[in-house]
Each structure stands twice: as C-alpha cells, then as structure tokens.
Amino acid sequence: MDEANLAAAWLSFAATAVGLGGLISQASAINDQLDPYHANRTAEYLGVWFQRQQRFPWWRVAKPPPLGPVIAAGMARGFCGVRTVHITRIPASPTGRAGWSTVLAMFNHAAPVFAGAPDGDAAEKGSLSAATTASGGSDGGRASADVAAACASWEQLDRKALKRHQDHACIVISRTTLIAMLVMTNGRPVFQYSDATGFRAGYASYCGQWYITWPIGQEAIVKFAAHDSIGTSEVLPRSFPQRVDRCGQIISGVVISSSPTSTSSFAVAFPGRKPAGTYRLEHAEKGFQGAHSGRHLYNMLGGRAFEVDFLSARPLAGDDDGSASPDAAPLVLELPSTDAGKRGVRMLVPPREQRILAQALDCLPWTRLSWSAHRGLRDILLAYGKRAMDARRGALAALLRRTVEARADVLRARGWDAEFVRNNMGHMAASAVLAGGGNSGDSVRVVTDVAAVCVGEDWDLARLDEVVFWRRLADLDANEEEKGEELEEELDAQAVVALTKFFVLEWSQEFDYQLYHYLPIDLYFA
C-alpha cells in the first residue's frame, strides 16, 4: 500500500512538473512575441553587437531593451575618442540591418589588415574574403579576419539602451555628431525639403547614402545604407585615414597651420557666399567670433572661434570700384553669388589679403579624400589659385603618369590592384588633373596617393600639411608669373604637394554648413 501511494505521488509530481514546464514555455514564447524589440534582438539586425548584449535570467518576465553604442564626434575629441579614423567602403566586420552598426564597421580605430598573404591579388586588393578563401582554414586566414574585425569592433564604447522608433532600434546621436560623420564621408546634398509636413533630406557620400527625416511632431530619424555597387570590383586600398578635426575645420571655412616648423601661428576663417555685388576682402584679427559664416558650427564641433582671424567681405557702394584704395591696385576675383551659384560677385583683394590667401593655400591640410567644403572658402581659394594651377596642370598630369609607370611596385605595396596600376592608374590620375573638377572620391584617392609616392616617404604628414609654394609664387614678379600660359618647368616636391591639395579643393563638394538649423539637438540613428 505504501509503495502504491509513493508511486502515485511521484506520478502526480511528474505530471505537475510537465504541465508547469509547458505553461512556462508557452508563457516565454508569448512574452517573446509581446517584446517590442523581438525583431531587433537578432544577429541579423545588430551584427556584432548581438554578442555584446546583457544576459538576463530565464525567469524574468519583462526583457530590458537591447544595448547599443554611445557615438559622439567632434574636432576636440575625434570620433568616439579617436582623432584619426581609418575608413573603409566595405565593412571590416559583420554588420546588421541597423545603420549605426554599418557605420561602426566602416569607421575603424586602427588600420584594418584584410589580407592573409603577403603577395598575390588578395594582398594587393586587401580583400578579406579573398584572403580567407585563399588561405582556407589556415591560422593565417583566421588571424587576418580577427585583426580586421578587431579594428572595427569598438568594444571600448559605452553602451545604452536602444530607443524604439517604428520598427527600428535606434541609438541617440547629436546633430553635431551627424554633421561630423557626413563630412568625414564626403557627404553632399542630393535633395532637401522643408515644408508643412516636416524636414526631409538625402546625402550621398563616399561610403553610402544618408537619409534624414523629421516629421512634424515626431522624432527626427537618420538612416544609413552602404553602397551596393562595389562588391569584388574594388581596386583601391580598402581603407584610408581621415582626420576628424581637419574635416571640421574645412566645413567651417577655417584653415589652420599646425606645423611644428611654422614660425608663427596662422588661423583664418572665410566668409560665406555673397549676393551679387562688389566687395572688398578685409582681414580682421581674431574676428571670427563676431562673424556669421561657419562660426556656430565651428564652436559646436569643439573649435575655439575667438582664436581665429576672419576675412570679411565688406560691401562697396555701387560707384566704388576700389580704385581709391590707399593700397596698391587690388586683385579682382570673380566669384559665384548666392543666386544659384551664378557669377555676379566682384571681390577686391588688397595685397595684404592676397598674402593671407597664399598662406591659406599653403596650409590646406593633406587628405586622401575630397572635402565636404565651406563654399565661401572654396570659391575664394579656387578663384585666387586657378590661373597658377592651369599654367601647371599639364606638367602635374604628366609627372603623375610617369610616377605610376616608374614606381608601380610601391603603389602595389600600398594596396593598389596590380592590373589597375599597370593599365589604368596613370591615365586616370592625369585625366582627373586635366579635367579641372569633378565628383569622384576614387579619382581623388588615386591622385593623392600617386602624389605622395612621387614626393617620397621623407614627406611626413606635417610637411604635407604646410608648404611654401603659393607664398613663394606670390613673391615673384606678377608680370612674369601671371601670363596664364602653360609652363614647362619641372615641378619640385613643394609644387607637387601644393598643386595636389589645390586639385583636391577643385574636386571637393559644397556642403551646407548651416544644416544644424534644420535639425533638433538629438536624433535617432536607426
């Protein structure tokens, strides 16, 4: 009798346990379906950030929101504390559908190493997939992939709960961070609408497409999509360095000399584009803080506007042509006006300001990618240096073509595709220089890398950032120099660097440095 009761008790306990297990399993499944972040907790959505989520006990009914990185960018602190970011167009680590995970896989805190072999096409192209395939399951292939993933991991970033918006799990970024990321990727406006329904804008960039939407009465949301047209056709080095502070300076219209060899400090800001009329360019010492132009953005990005001089455009009366100026005859620049970019601005530049413009061209920072540029800075410097550039354009194009032919091995070692170097690179560099302007980040990367190889490894970043070519040119007799004819003399290293930086300015894109007026303080990044 006792054995029968014991067996019955155990059977009752087992039935109860099975029933409770089924109820808990069903409750867990129902709870998962009721979780607002159910579709956003997967590796397909979060990418590598799926592995960095907090673990929570099985018995917990309500799950906390998933975690995402805290992203901040500015001139003072760089991008997430990194001042020089290595950017790739093909993500260096697995990404999810979230745009912020894709951006973090393209912005690397160290130069990613994709190739697992020291030679061959995989090494020259820097292809992660090609290198892993070529090495099979070898330790070299796995180590290469691990290094590449580590460079884009950003594991050191603080994490916060993601915000739910429609079907997206978003991080929150500031408008300053958004503008910094746009200019780091050479963003340029494609469309922009502001009406009774809200604000919408689209920006094309070297890394992908940016979309901003701010409906009336709702949160502003930012989306990013990587290019879908690169694939295995990439023949450029897979990454290039981008300095956050320099991008912020150029978009704000500021040129600063930071060379340790400079004898005096130089920091000057440029005025914005003006309505049609006649103006005189005037230098105001430490005057940027009292200017309109890009001063607000410069301060938002972490700059110190009160330390920067300003070139103001003072309007002249209709009958004043500047001839009554006590200075020598001013240089007259024909500039675009605010009327859809049509030329209608006459800018009179006295000799003192001409010298400042020459120094600003000499102090343009070196970069591998075209700028998202302040249009006032770009207008004035291009108009000032165009004649000298045109006189040397053919010589620079020929020199770059010869450099590719003579130093193809160096270019291959820097990550360029061997066939591309052999058959296309020299012609592409020469054609870009001769074109006088365009919209291709690849062309800019080709020209700047060939120019860097041309001048040699002795030219470090500080020397590339500041030359004396334009000031040396300004000291020459104007009648001898400014004939506008093609010059045949051999270009020295100073000229190659200076003219290459001018070429980058020609191929740079105008960017609305007052975009922040259309945006809230914080935005959701989906």
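The values are calculated or read from the model by the stated rules, or taken from the named source; none is laboratory data. Quantities reported herein were computed from a predicted structural model and do not represent experimental measurements. A quick note on method: Cβ atoms are made from the backbone with ideal geometry, for glycine too, and the neighbour counts reach across all protein chains shown. Surface areas here come from the heavy atoms of the whole protein model, side chains and all, with no ligands, DNA or RNA. Shrake-Rupley method; radii C 1.70, N 1.55, O 1.52, S 1.80 Å.
Computed values, structure above
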read-out	value
Residue within the range 9-21 that is of a type in the set (A, V, I, L, M, F, W, C), open to solvent by less than 40 Å² (accessible area, probe 1.4 Å) and either assigned to a helix (DSSP H, G or I) or modelled with pLDDT of 85 or more (or both) present	no
The range 232-265 - residue that is farther than 15 Å from His374 by Cα and of a type in the set (Lys, Arg) and, of those, modelled with the lowest pLDDT	Arg238
The range 75-103 - residue that is of a type outside the set (Val, Ile, Thr) and under 19 Å from Leu369 (Cβ atoms) and, of those, farthest from the chain's Cα centre (by Cα)	Ala92
Any pair with Cβ under 6 angstrom, 6 or more apart, that starts in the range 96-111 at a residue that is in a loop (DSSP other than H, G, I, E, B) and ends at one that is at pLDDT 90 or above and of a type outside the set (D, E, K, R)	His109/Val82; Ala111/His86; Ala111/Ser239
Positions within the range 396-423 being closer than 23 Å to Leu505 by Cα and of a type outside the set (Lys, Arg), in sequence order	Leu396, Ala397, Ala398, Leu399, Leu400, Thr403, Val404
Verdict on Tyr203 being open to solvent by less than 10 Å² (accessible area, probe 1.4 Å) and without any contact (Cβ under 8 Å) to a residue 60 or more places away in the chain	yes
Every pair of residues 6+ apart whose Cβ atoms lie under 9 Å, when the first sits in the range 38-51 and is closer than 14 Å to Thr95 by Cβ and in a helix (DSSP H, G or I) while the second is of a type in the set (Lys, Arg) and open to solvent by 50 Å² or more (accessible area, probe 1.4 Å)	Glu44/Arg97; Tyr45/Arg97; Leu46/Arg97; Gly47/Arg97; Trp49/Arg159
Spans of helices (runs of 4 or more DSSP H) in the range 382-456 with at least 3 residues out of contact with any strand residue (DSSP E or B) (no Cβ under 7 Å at 6 or more places or on another chain) and open to solvent by 50 Å² or more (accessible area, probe 1.4 Å)	408-413, 426-435
Failed criterion for Ala201 (all others in (1) in contact with a Cys (Cβ under 6 Å, 6 or more places away or on another chain); (2) over 30 Å from Pro112 (Cα atoms) hold)	(1)
Residue in the range 158-178 that is open to solvent by 20 Å² or more (accessible area, probe 1.4 Å), assigned to a loop (DSSP other than H, G, I, E, B), on the phi < 0 side of the Ramachandran plot and modelled with pLDDT of 90 or more present	yes
Residue within the range 418-436 that is of a type in the set (D, E, K, R) and farther than 25 Å from Ser257 by Cβ present	yes
Subset of the range 457-512 [of a type in the set (Asp, Glu), assigned to a helix (DSSP H, G or I) and either at pLDDT 90 or above or surrounded by 13 or more Cβ atoms within 10 Å (Cβ to Cβ) (or both)]	Asp465, Glu481, Glu506
Tabulated pairs, the range 339-358, first touching a residue at least 24 places away in the same chain (Cβ under 8 Å) and open to solvent by 80 Å² or more (accessible area, probe 1.4 Å), second of a type outside the set (Phe, Trp, Tyr) and assigned to a helix (DSSP H, G or I), C-beta under 9 angstrom, 6+ apart or interchain	Arg355/Arg471; Arg355/Ala474
Scope the range 73-95; condition among the β-branched types (Val, Ile, Thr), open to solvent by less than 10 Å² (accessible area, probe 1.4 Å) and assigned to a loop (DSSP other than H, G, I, E, B); matching residues	none
Cβ-Cβ under 8 Å pairs, at least 6 apart or on other chains, the range 432-447 side closer than 18 Å to Ala391 by Cβ and among the aromatic types (Phe, Trp, Tyr), far side open to solvent by less than 10 Å² (accessible area, probe 1.4 Å) and assigned to a loop (DSSP other than H, G, I, E, B)	none
Check on Arg304, among the basic types (Lys, Arg) and at pLDDT below 95	yes
Among the candidates Thr213, Thr177, Thr185, residue that is β-branched (Val, Ile, Thr), free of Cβ contacts under 8 Å to residues at least 60 places away in the same chain and closer than 23 Å to Ala73 by Cα	Thr213
Within the range 183-233, considering residues that are assigned to a strand (DSSP E or B) and among the aliphatic types (A, V, I, L, M), the one farthest from the chain's Cα centre (by Cα)	Ile221
